[in-house]
Structure formats: structure tokens, C-alpha cells
1. With +1 on each Lys and Arg Cβ and -1 on each Asp and Glu Cβ, and nothing else charged, work out how big the dipole of the chain is about its Cα centre, in Debye to the nearest 20.
2. Which of these values of percent of Cα pairs over 22 Å apart was calculated from the structure shown: (i) 33; (ii) 15; (iii) 19?
3. Once you charge only the Cβ atoms, +1 for Lys and Arg and -1 for Asp and Glu, what is the size of the charge dipole of region 38-84 about its Cα centre, to the nearest 20 debye?
4. What relative contact order, as a whole-number percentage, does the chain give when Cα pairs under 8 Å and 6 or more residues apart are counted?
5. Once amide H atoms are built 1.01 Å from N in the peptide plane, which residues 5 or more positions from Ser71, or in another chain, come under 5 Å H to H?
6. So, by mean Cβ neighbours within 10 angstrom, what's the order for 73-82, 56-65 with the highest one leading?
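The numbers here are math on the coordinates, done by the rules we state, and not lab data. Source: prediction; values computed, not measured. Virtual Cβ from ideal backbone geometry, glycine too; neighbours counted across all protein chains shown.
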Amino acid sequence: VPIVANCTGEPLTKAEDVKTEIVSQICSCVQWKQSIDYMLGTGVSQFVEVGPGRALSSMVRRIDVSADAISVGDMDSIMLLRGG
């Protein structure tokens, strides 16, 4: 499964590229909209934000109101996501 780079909005498939991307996103502007647009363009329709808050899932919905974007930040919300 490719990981979409925050700095370019393009897919990464090699572990070394992911390591480089993590360092780059600390010092560079992220391309959030391009990343989401790329994923939407490849057929991704469900987004799961992991961690406290709902900032990222809210931004996804602003980019595409039809996107299914949810946030899980604790064990209860994870269990609901799993259907259990």
C-alpha cells in the first residue's frame, strides 16, 4: 500500500523514501490538499484520523464533502470502528 507524501502529494512505495519524507515534512511545506486530491483521484473514499481531535478529518471533508472521514482517538472509538 503506497503512503502519500505530505511534501509532494505523491505516492511512496519504498521504506527509504518514507524515511526521507518524514525528515522533509519537518522542514518543508506540506501539500495537504494535493495529497487528499491524489487519494480521492485513485478511488480512496474513506479516511480515518488516528489520534486526539478532528482537525484532519474536518479538512478532508472541506476538500470533498462526500468523503467519509472519521476520527478515532481512544479505545472506545476504535472498537466502534471495528464494529465491536
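1. 120
2. So the structure-derived entry is (i).
3. 100
4. 22
5. It is Glu49, by chain and number.
6. 56-65, 73-82
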